[in-house]
Amino acid sequence: MNFKKNSIITFGLALSLFVLSAVAFGQTEPVRSQFSLYGMHFISVGQTVRVSVQNPRFSNSEVIPCVRVRIVFDVYEAIGDGSVRLRFARRVSREVELEPGDAATFDFSAGRIGEYVSPMVFASPEEAEPSAPIRLLSTLVVREVGRTILNLPAVLKGFDPQPDPPSSQAQ
């Protein structure tokens, strides 16, 4: 009898805790941010990784926030024991605030023996305009002596290339 009473009280407390946490979570606004991860790339001597970021101006009628952008290059080195294991060497990061219509480019050049680089882009709006949407375009380009080896183009997330439904009159 005592076990049954304790289990009912425990279940009631757990249920009330769940309901209160759900209510509290529903009332808080989520942190709006955008990020792009480009994977790991081997950069040999003479090659450069370039990340370009743009805060595009879509129209004059909507509010476009200033965006704080942080570009991170995580650099890894191969362990010299003949295995394929990598060791974290260092992190290079740059931060910039982009107004609507502004763009920025960040380059990372390889060391003497080549390195594995993992570029990442993190963006968040400025606090002055928390309700405006974030739209950020970023591109990764790997270059070698003036020519492009790899280009991961910018893609507008959520873009629907199909226009509004056509009118009933065919022209």
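Every read-out reported here was derived from the displayed coordinates using simple, explicitly stated rules and does not represent laboratory data. Keep in mind the model is a prediction, meaning the values are calculated, not measured. For neighbour counting, all protein chains shown are included, and Cβ atoms are generated from backbone atoms with ideal geometry for every residue, glycine included.
For the stretch 111-123, 3J(HN,Hα) computed residue by residue from phi via the Karplus equation (6.51, -1.76, 1.60; θ = phi - 60°) reads x, 5, 10, x, 8, 8, 10, 10, x, 9, 10, 10, 9 Hz, glycine and proline entered as x. Sorting 90-102, 66-78, 136-148 by their mean Cβ neighbour count within 10 Å, with the most densely packed peptide first, gives 66-78, 136-148, 90-102. Between the amide H of CYS66 and those of GLU126, distances stay under 5 Å, these residues lying 5 or more places away or on another chain, with hydrogens modeled in the peptide plane.
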